[in-house]
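A.B. asks: So that we are looking at the same thing, I have put the structure below in structure tokens.
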Amino acid sequence: MPIKQISVFLENKCGRLASVTRTIGDHDIDIRAFSIADTTDFGVLRLIVNRPDDAVQVLQEGGFTVSMTEALAVQIPDQPGGLAGVLELMQDAGVNIEYMYAFSAKIGQDALAVFRVENCKVAEGLIRAKGIRVLGGDEVYGL
Amino acid sequence: MSLIWNEKYECMPRPELLALQNERLRETVGRVFYEVPFYRRALQERGLGPDDVKSVDDLDKLPFTTKNDLRDNYPYGLFATPMSEVVRLHASSGTTGKPVVNGYTRHDLEVWAEVMARSLTCCGATKNSIIHIAYGYGLFTGGLGAHFGAERIGASVIPASGGHTKRQIMLMKDFGSTILACTPSYAMHLALVMDEMGLSKSDLKLKGGLFGAEPWSQNMRSQLEARLGLMALDVYGLTEIIGPGVAVECPEQNGLHVWEDHFLFEVIDPDTGRQLPPGSFGELVVTSLTKQAMPLIRYRTRDITTILPEPCSCGRTHRKIARLVGRTDDMLVIRGVNVFPSQIEEVLLRIAHTEPQYQIIVERRGQLDELEIQVEVSGQFFSDEVRRLETLERQIRREIEDVLNIGVRIKLVEPKTIERSEGKAKRVIDRRQL
């Protein structure tokens, strides 16, 4: 099962990032992983949180432009070449990656990364078939 | 051929129409000279007497009338008849300062009903039509203007006025309304509420829509026609002159016929006051030809349009003006190019499929004017992929540059960053120190 990723539009202005994180923090929502893609003028903050539906609601109420997309949480051996191995398997499976970022938490001895791919459900099947472990929302949100 | 209400006048050969205009202009100039001290002074200052204007060719000798003149003479200073002849008063909403007042004699109301009957007939109204009027009734000219035009035709009139949108939709459905008259933004609101109620155009019997009192785009026309299943026509008018019914589109939907037997019009350069030839955009100026209670000479409407000189295939001989592109108050001159917020709005509407919030910021860097357009990123615009947002930014820039022919900078901004006052966003910020 793909997990829910939240994206927030941010202008490159002082204090915007603090404001987003404060908004969800004030509602006891915990961040599991995040990344920022930016240009000169604006950026997109992507978040994996423990309560994605609530996060979308409070951010919208706070006046932010928010969207929810699906992403895959993939377990990766935490050792040299671990990520390369997983990426090669995904390439073999014909899965095209739009972007990825890492979780700070670990799954046992393994690392965890978020992959945004074109069609999450199809991609999940393809990479599972290569023996790669994909985690569901229940597992990820509760980390 | 489409329906015509008054073929004798609407299709009058041009030479006859011109002779009629000359006669009526002479009468009007005479009337204001003798009855309105303001105009007598203004004419005398130019060394003009009541007999110095013989034809429309002499029009440019006459002084202009501006909105300030109306304010200075508030409320009755420009009336040319005693109050005993005035049977009705209307006034504009007056968002800034005092409202603009217009008075009507019984004959003025007859003329108004006549031009609105012509306008409604353009969008298919006949005595068999059921005409739903959702313009506000009251001091605003929209409601009663459309009302008496519709009654003149002999149609069945539903004087719905504004508000209670769900009830209005129920009435249109139950009563089988065939013509809708309201502002284009209210028509759009009706369409949205119909969606919410699970109703579509097939639940209604609408055939024609006469929309006016605010500027609207071609894009909005397509949306209204698709969603309401009607032919949407633009009607133009202003309280100062009479109300709606000064000009209207025919089913050709290519320019608005000005009812030239009642309203004489020119398009002028707003800076020099000189008349402009067909094809050049400038300020529309209207002179009353038949108005009794408050005739206006060369009234500067501040609306921007151009004369479309080609004869119309609908058969009407009255000349057309292009749909109003903006107001002189909103016009910006950037590097010598006239820019209207409405042009930018139209591009954004086309790309976003919704009315986006935007702001135009003009700055002067060195000797060069720079135009930045800030667009709020809302639901429809947003993608979590930076690449798509950048593509969107480029697409907006390219399309706006195509329309304006000057370079612009697009900046995507967060919602609610654009300053709003009383619900209306401030569209233009000019930071040039000229």
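The values are calculated or read from the model by the stated rules, or taken from the named source; none is laboratory data. Quick caveat, the model's predicted, so the values are computed rather than measured. Don't worry about glycine lacking a Cβ; one is built from the backbone with ideal geometry, like all the others, and counts go over all protein chains shown.
A.B. asks: Based on what the data block shows, is B:Ile373 surrounded by 13 or more Cβ atoms within 10 Å (Cβ to Cβ) and within 13 Å of chain A (Cβ to nearest Cβ)? Give the steps one after another, and end with the answer.
C.D. replies: Numbers: surrounded by 13 or more Cβ atoms within 10 Å (Cβ to Cβ): yes; within 13 Å of chain A (Cβ to nearest Cβ): yes.
In short, yes.
A.B. asks: Considering only region A:48-59, I want to know if a residue exists there that is part of a strand (DSSP E or B) and outside the structural domain of A:Asn119 (by TED's automatic domain parsing). Show your work before the answer.
C.D. replies: Restricting attention to region A:48-59, the residues satisfying the condition of being part of a strand (DSSP E or B) are A:48-49.
Next cut, outside the structural domain of A:Asn119 (by TED's automatic domain parsing) only: A:48-49.
Within region A:48-59, one or more residues are part of a strand (DSSP E or B) and outside the structural domain of A:Asn119 (by TED's automatic domain parsing).
A.B. asks: Among residues belonging to region A:114-143 that are in contact with a helix residue (DSSP H, G or I) (Cβ under 7 Å, 6 or more places away or on another chain) and in a strand (DSSP E or B), point out the one that is surrounded by the most Cβ atoms within 10 Å (Cβ to Cβ). Please lay out each step first, then the result.
C.D. replies: Filtering region A:114-143 down to residues in contact with a helix residue (DSSP H, G or I) (Cβ under 7 Å, 6 or more places away or on another chain) leaves A:117, A:127, A:130, A:132, A:134.
Pick out the ones that are also in a strand (DSSP E or B) and you get A:117, A:134.
Details: A:Val117: 22, A:Val134: 19.
Per the stated criteria, the residue is A:Val117.
A.B. asks: Could you list, in sequence order, the residues of region B:390-415 that are more than 7 Å from chain A (Cβ to nearest Cβ) and within 15 Å of A:Glu11 (Cα to Cα)? Lay out the reasoning, then the answer.
C.D. replies: Step one: filter region B:390-415 for residues more than 7 Å from chain A (Cβ to nearest Cβ), giving B:391-410.
Correct list: B:Glu393, B:Ile410.
A.B. asks: Hey, among the residues in region B:180-208 that are within 22 Å of B:Leu349 (Cβ to Cβ) and of a type in the set (D, E, K, R), which one's nearest to the chain's Cα centre (by Cα)?
C.D. replies: B:Lys201
A.B. asks: Here's a check for you: in region A:94-105, which residue that is touching a residue at least 60 places away in the same chain (Cβ under 8 Å) and either aromatic (Phe, Trp, Tyr) or in contact with a helix residue (DSSP H, G or I) (Cβ under 6 Å, 6 or more places away or on another chain) (or both) is nearest to the other protein chains (Cβ to nearest Cβ)? Give the steps one after another, and end with the answer.
C.D. replies: Let us first name the residues in region A:94-105 that are touching a residue at least 60 places away in the same chain (Cβ under 8 Å), namely A:99, A:101-105.
Among the residues that remain, those that are also either aromatic (Phe, Trp, Tyr) or in contact with a helix residue (DSSP H, G or I) (Cβ under 6 Å, 6 or more places away or on another chain) (or both) are: A:99, A:101, A:103.
Numbers: A:Tyr99: 8, A:Tyr101: 13, A:Phe103: 18 Å.
This residue is A:Tyr99.
A.B. asks: Something else: Is it true that A:Leu87 is out of contact with any helix residue (DSSP H, G or I) (no Cβ under 9 Å at 6 or more places or on another chain), of a type in the set (A, V, I, L, M) and buried (at least 17 other Cβ atoms within 10 Å of the Cβ)? Explain how you work it out, then say what you get.
C.D. replies: Values: out of contact with any helix residue (DSSP H, G or I) (no Cβ under 9 Å at 6 or more places or on another chain): yes; of a type in the set (A, V, I, L, M): yes; buried (at least 17 other Cβ atoms within 10 Å of the Cβ): yes.
Spelling it out, A:Leu87 is indeed out of contact with any helix residue (DSSP H, G or I) (no Cβ under 9 Å at 6 or more places or on another chain), of a type in the set (A, V, I, L, M) and buried (at least 17 other Cβ atoms within 10 Å of the Cβ).
A.B. asks: Would you mind finding the one in A:Phe64, A:Phe9 that is of a type in the set (Phe, Trp, Tyr), within 13 Å of another protein chain (Cβ to nearest Cβ), in a strand (DSSP E or B) and surrounded by 14 or more Cβ atoms within 10 Å (Cβ to Cβ)? Please lay out each step first, then the result.
C.D. replies: Numbers: A:Phe64 fails: in a strand (DSSP E or B).
Sole residue among the options that is of a type in the set (Phe, Trp, Tyr), within 13 Å of another protein chain (Cβ to nearest Cβ), in a strand (DSSP E or B) and surrounded by 14 or more Cβ atoms within 10 Å (Cβ to Cβ): A:Phe9.
A.B. asks: Next question, about the same structure. Could you tell me how many of the residues in region B:324-370 are surrounded by 17 or more Cβ atoms within 10 Å (Cβ to Cβ) and within 14 Å of chain A (Cβ to nearest Cβ)?
C.D. replies: Going through region B:324-370 one residue at a time, the tally reaches 4.
A.B. asks: Among the numbered criteria (1) more than 23 Å from the chain's Cα centre (by Cα); (2) surrounded by fewer than 17 Cβ atoms within 10 Å (Cβ to Cβ), which single criterion is violated by B:Asn22?
C.D. replies: The number of the failed condition is (2).
A.B. asks: Would you confirm, using the coordinates I've provided, whether B:Ser177 is over 23 Å from the mean Cα position of the chain (by Cα), touching a residue at least 12 places away in the same chain (Cβ under 8 Å) and in the same structural domain as B:Cys314 (by TED's automatic domain parsing)? Step through it out loud before you land on a result.
C.D. replies: On the way: over 23 Å from the mean Cα position of the chain (by Cα): yes; touching a residue at least 12 places away in the same chain (Cβ under 8 Å): yes; in the same structural domain as B:Cys314 (by TED's automatic domain parsing): yes.
Here the answer is yes, as B:Ser177 does meet what is asked.
Matching residues to (1) among the hydrophobic types (A, V, I, L, M, F, W, C); (2) free of Cβ contacts under 8 Å to residues at least 40 places away in the same chain:
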site: B:Asp51; (1), (2): no, yes
site: B:Asp60; (1), (2): no, no
site: B:Phe64; (1), (2): yes, no
site: B:Lys98; (1), (2): no, yes
site: B:Tyr104; (1), (2): no, no
site: B:Ala117; (1), (2): yes, no
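A.B. asks: Further question: Can you say whether B:Leu48 is of a type in the set (A, V, I, L, M), assigned by TED's automatic domain parsing to the domain that holds B:Phe148 and part of a helix (DSSP H, G or I), as far as the supplied structure shows?
C.D. replies: Working: of a type in the set (A, V, I, L, M): yes; assigned by TED's automatic domain parsing to the domain that holds B:Phe148: yes; part of a helix (DSSP H, G or I): no.
No, not satisfied.
A.B. asks: How many residues are in contact (Cβ under 8 Å) with a residue 12 or more places away in the chain and closer than 24 Å to A:Ala105 by Cα if we restrict to region A:1-18? Before the answer, list the steps.
C.D. replies: Applying the first criterion (in contact (Cβ under 8 Å) with a residue 12 or more places away in the chain) to region A:1-18 yields A:1-12, A:17.
Of the ones still in play, those that are also closer than 24 Å to A:Ala105 by Cα are A:1-8, A:17.
The total comes to 9.
A.B. asks: Right, here's the next one. Take the residues in region A:40-51 that are surrounded by 14 or more Cβ atoms within 10 Å (Cβ to Cβ) and over 20 Å from A:Lys106 (Cα atoms); name whichever of them is farthest from the other protein chains (Cβ to nearest Cβ). Step through it out loud before you land on a result.
C.D. replies: Going through region A:40-51, the residues surrounded by 14 or more Cβ atoms within 10 Å (Cβ to Cβ) turn out to be A:41-51.
Keeping just the survivors that are over 20 Å from A:Lys106 (Cα atoms) gives A:41-45.
Values: A:Asp41: 6, A:Phe42: 5, A:Gly43: 8, A:Val44: 6, A:Leu45: 9 Å.
Step by step, filter region A:40-51, then rank; the result is A:Leu45.
A.B. asks: Before we move on, is A:Ile31 more than 14 Å from chain B (Cβ to nearest Cβ), among the β-branched types (Val, Ile, Thr) and under 16 Å from the mean Cα position of the chain (by Cα)?
C.D. replies: Details: more than 14 Å from chain B (Cβ to nearest Cβ): yes; among the β-branched types (Val, Ile, Thr): yes; under 16 Å from the mean Cα position of the chain (by Cα): yes.
Yes; evaluated as a whole, the condition is true for this residue.
A.B. asks: Here's another thing I want to ask about it. Can you name the condition, by its number, that B:Asn68 falls short on among (1) surrounded by fewer than 13 Cβ atoms within 10 Å (Cβ to Cβ); (2) touching a Lys or Arg at 6+ places or on another chain (Cβ under 9 Å); (3) of a type in the set (S, T, N, Q)?
C.D. replies: Tallying (1) surrounded by fewer than 13 Cβ atoms within 10 Å (Cβ to Cβ); (2) touching a Lys or Arg at 6+ places or on another chain (Cβ under 9 Å); (3) of a type in the set (S, T, N, Q), B:Asn68 fails exactly one: (2).
A.B. asks: Going by the structure shown, is B:Ile297 buried (at least 23 other Cβ atoms within 10 Å of the Cβ) and at pLDDT below 95? First the steps, then the outcome.
C.D. replies: Working: buried (at least 23 other Cβ atoms within 10 Å of the Cβ): yes; at pLDDT below 95: no.
Criteria not met by B:Ile297.
A.B. asks: Shifting gears a bit: Conditions: (1) acidic (Asp, Glu); (2) more than 22 Å from B:Gly243 (Cβ to Cβ); (3) assigned to a helix (DSSP H, G or I). B:Asp69 meets all but one. Number of the miss?
C.D. replies: Here B:Asp69 clears every test but (2).
A.B. asks: Okay, moving on. If you go through region A:70-93 one residue at a time, do you hit one that is more than 30 Å from A:Gln109 (Cα to Cα) and within 14 Å of another protein chain (Cβ to nearest Cβ)?
C.D. replies: Restricting attention to region A:70-93, the residues satisfying the condition of being more than 30 Å from A:Gln109 (Cα to Cα) are none.
So far as region A:70-93 goes, no, none of its residues is more than 30 Å from A:Gln109 (Cα to Cα) and within 14 Å of another protein chain (Cβ to nearest Cβ).
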